Amino acid sequence: MRDDGRPVVAAFSGGLDSCVLLHLLAAAPRIRAAGLRALHVHHGLHPDADAWAAHCQTVCDALGVALTVARVQVDRTAGLGLEGAARAARHAAFADALGDDEILALAHHRDDQAETFLLRALRSAGPDGLAAMRPWRRLGRGWLWRPLLDQPRAALHAHAVAEGLRWIEDPGNTSLDHDRNFLRHAVLPRLRERWPQAADALARSAALCAEGADLLAAEDAAMLVAARRAPRDLAVEALHALPTSRRARVVRHWIADLGLPPLPAQGIASIERALLAAPRDARACFDWHGARIQRWRDQLHADWRRPPLAATWTTTWDGRAPLALPTGDTLALEGATGFDAPLRAHARRGGERLRLPGRAHSHTLKHLLQDAAMPPWQRDRLPLLSAPEGTLLAAGDTLLAAPLAQWLDARGARLAWTRLA
């Protein structure tokens, strides 16, 4: 058992594996002293779910370990299947339960690792996927730890029997309808008949893939730095300079670094075809799971899909307090207490014109935004300010008409358009 003085939260389903994990953690004096507690995720999917939570409370009471029961809603419409949706809800509960730098301990063991390796191989995973489960990784504000990953399930069962532990048998764990159960009960036993060390060999292959993936990831990170023009922007030219396979890894690394959902199986092929091969003036995009990659000029931009500012939106604003926009952005007047008279804040509708300082004539806002190199994902959310009689005074905080620019300069003030991160 690792001992570094940080609080540990044991994920406790009440099954054999998690009972052994909690028993071992509770028997480690310094882990207990650092703040050991348990977390049971109540999915509400089984008629006995309440009884399972009660059993977990009984076990924790006997061990003197505090238990939190997290009730979650499983989104059956997420397109992940029931098993995948339950896993997503469970991991969200895990992340929410962790404080800064706390550790969540999971009871995965070597047989679980072998199953995960096979599942990912059957889904055509590369080195990153075949690395399967890591002993340590970040999770939310803390860490995820699998201290039993080198132990076979037989050793956990022997410990449970020797210590007289009582555990829950989830009948769903024997259903061959689930892929993992099919491997566990139908495939791996046959493999062991021919190769008794099959689980050990598969887990070892996962470890070797993890070593290779780590080496590749270090190179990916260096190439990502070279291609990045801003946190959410990659230079298309820099990507084209990379071999196709490396380019795919760099894009995936970028997406993971931004905290966006993993790209689907055909995501890279779609990005290659629809974005990287698109003309420079195209506004091509690729959407998945609420996220979007867009091509604009010579860059790719990735972010969550953000709603545009509705063309019908308008309000008055006196500048005395920041203006909350429907998009979640804000517009503020800094350095002055307010405008001399309220202005009209509104969205673009097309055809607007604005006269910049030092120019005798106005120009179309469309061309001014192009000259200012404002990308389309910002133009879609751009708030405008107009005088009461209709003269356009500002487009966000980027383009200011002469009258407003002079007014701000005279007061040492400025506009600040803060976009939702």
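The values are calculated or read from the model by the stated rules, or taken from the named source; none is laboratory data. Just so you know, these numbers come straight off a predicted model, no measurement behind them. Using ideal geometry, Cβ is built from the backbone for each residue, glycine included, and neighbour counts are taken over all protein chains shown. For accessibility, only protein heavy atoms count, side chains too; no ligands or nucleic acids. Shrake-Rupley method; radii C 1.70, N 1.55, O 1.52, S 1.80 Å.
Looking at (1) over 17 Å from Ala302 (Cβ atoms); (2) modelled with pLDDT under 95, which one does Pro261 not meet, given that it meets all the others?
Unmet condition: (1).
Of the residues that make up the stretch 358-365, is at least one within 20 Å of Ala310 (Cα to Cα), open to solvent by less than 30 Å² (accessible area, probe 1.4 Å) and either of a type in the set (S, T, N, Q) or at pLDDT 95 or above (or both)?
yes
Looking only at the stretch 264-283, which residues are at pLDDT below 90, closer than 19 Å to Trp304 by Cα and over 23 Å from the mean Cα position of the chain (by Cα)?
Residue satisfying the conditions is Arg283 alone.
Kindly indicate whether Ala282 is free of Cβ contacts under 8 Å to residues at least 60 places away in the same chain, open to solvent by less than 30 Å² (accessible area, probe 1.4 Å), assigned to a loop (DSSP other than H, G, I, E, B) and out of contact with any Gly (no Cβ under 9 Å at 6 or more places or on another chain). Spell out how you get there, then give the answer.
Working: free of Cβ contacts under 8 Å to residues at least 60 places away in the same chain: yes; open to solvent by less than 30 Å² (accessible area, probe 1.4 Å): yes; assigned to a loop (DSSP other than H, G, I, E, B): yes; out of contact with any Gly (no Cβ under 9 Å at 6 or more places or on another chain): yes.
Judged against the criteria, Ala282 is a match.
Which of the residues that make up the stretch 30-69 are closer than 17 Å to Val20 by Cβ, free of Cβ contacts under 8 Å to residues at least 40 places away in the same chain and open to solvent by 30 Å² or more (accessible area, probe 1.4 Å)?
Within the stretch 30-69, Arg32, Thr58, Ala62 qualify.
Within the stretch 328-344, identify whether any single residue is open to solvent by less than 20 Å² (accessible area, probe 1.4 Å), touching a Lys or Arg at 6+ places or on another chain (Cβ under 8 Å), of a type in the set (Ser, Thr, Tyr) and not in a strand (DSSP E or B), and answer yes or no.
Within the stretch 328-344 (the criterion being open to solvent by less than 20 Å² (accessible area, probe 1.4 Å), touching a Lys or Arg at 6+ places or on another chain (Cβ under 8 Å), of a type in the set (Ser, Thr, Tyr) and not in a strand (DSSP E or B)), the answer is no, since none of the residues qualifies.
Show the residue pairs meeting these rules: Cβ distance below 7 Å; 6+ apart or different chains; first residue within the stretch 161-181 and closer than 24 Å to Ala121 by Cα; second residue of a type in the set (A, V, I, L, M, F, W, C).
From the stretch 161-181, the pairs are Leu176/Phe182; Leu176/Ala186; Asp179/Leu119; Arg180/Leu119.
Answer yes or no: is there a residue in the stretch 236-257 that is assigned to a loop (DSSP other than H, G, I, E, B), in contact (Cβ under 8 Å) with a residue 24 or more places away in the chain and surrounded by fewer than 16 Cβ atoms within 10 Å (Cβ to Cβ). Working first, answer last.
Within the stretch 236-257, the subset assigned to a loop (DSSP other than H, G, I, E, B) is 241-243.
Then keep just the ones that are in contact (Cβ under 8 Å) with a residue 24 or more places away in the chain; that gives none.
Looking for residues that are assigned to a loop (DSSP other than H, G, I, E, B), in contact (Cβ under 8 Å) with a residue 24 or more places away in the chain and surrounded by fewer than 16 Cβ atoms within 10 Å (Cβ to Cβ), one finds none in the stretch 236-257, hence no.
Look at Leu300 and say whether it is assigned to a strand (DSSP E or B) and surrounded by 13 or more Cβ atoms within 10 Å (Cβ to Cβ).
It is true that Leu300 is assigned to a strand (DSSP E or B) and surrounded by 13 or more Cβ atoms within 10 Å (Cβ to Cβ).
Out of all the residues in the stretch 366-391, which are assigned to a loop (DSSP other than H, G, I, E, B), closer than 28 Å to Leu300 by Cβ and open to solvent by less than 40 Å² (accessible area, probe 1.4 Å)? If you could, list the steps in order and put the result at the bottom.
We begin by selecting, within the stretch 366-391, every residue assigned to a loop (DSSP other than H, G, I, E, B); these are 372-375, 380-383, 387-391.
Of the ones still in play, those that are also closer than 28 Å to Leu300 by Cβ are 372-375, 380-383.
Passing the criteria: Met374, Pro375, Arg381, Leu382, Pro383.
At least 2 residues that are over 25 Å from Arg134 (Cβ atoms) and more than 21 Å from the chain's Cα centre (by Cα) in each: list the strands (runs of 3 or more DSSP E) lying fully within the stretch 13-107 that qualify.
Numbers: elements: 37-42, 66-71, 103-105.
Counting at least 2 such residues, we get 66-71.
Filter the stretch 152-198 for residues that are aromatic (Phe, Trp, Tyr) and under 35 Å from the mean Cα position of the chain (by Cα); which is nearest to Ala114 (Cα to Cα)? Break it down into steps so the answer makes sense when it comes.
Step one: list which residues in the stretch 152-198 are aromatic (Phe, Trp, Tyr), which gives 167, 182, 195.
Then drop every residue that is not under 35 Å from the mean Cα position of the chain (by Cα), which leaves 167, 182.
Details: Trp167: 23, Phe182: 13 Å.
Once the filter is applied, the top-ranked residue is Phe182.
When the stretch 116-153 is examined, which residues are found to be part of a helix (DSSP H, G or I), under 27 Å from Asp96 (Cα atoms) and open to solvent by less than 40 Å² (accessible area, probe 1.4 Å)?
Correct list: Thr116, Gly129.
If you check Ala394 against the conditions, is it among the hydrophobic types (A, V, I, L, M, F, W, C) and either surrounded by fewer than 20 Cβ atoms within 10 Å (Cβ to Cβ) or in contact with a His (Cβ under 9 Å, 6 or more places away or on another chain) (or both)? Outline the logic, then answer.
On the way: among the hydrophobic types (A, V, I, L, M, F, W, C): yes; either surrounded by fewer than 20 Cβ atoms within 10 Å (Cβ to Cβ) or in contact with a His (Cβ under 9 Å, 6 or more places away or on another chain) (or both): no.
Here the answer is no, as Ala394 does not meet what is asked.
Given the options Ala201, Ala230, name the one that is open to solvent by less than 80 Å² (accessible area, probe 1.4 Å) and under 23 Å from Ala125 (Cβ atoms). Outline the logic, then answer.
Details: Ala230 fails: under 23 Å from Ala125 (Cβ atoms).
One residue alone meets the criteria, Ala201.
Considering only the stretch 157-189, state which residues are open to solvent by 40 Å² or more (accessible area, probe 1.4 Å), under 22 Å from Leu45 (Cβ atoms) and either touching a strand residue (DSSP E or B) at 6+ places or on another chain (Cβ under 8 Å) or in a helix (DSSP H, G or I) (or both).
Pro171, Asn173, Thr174, Asp179, Arg180, Phe182, Arg184, His185
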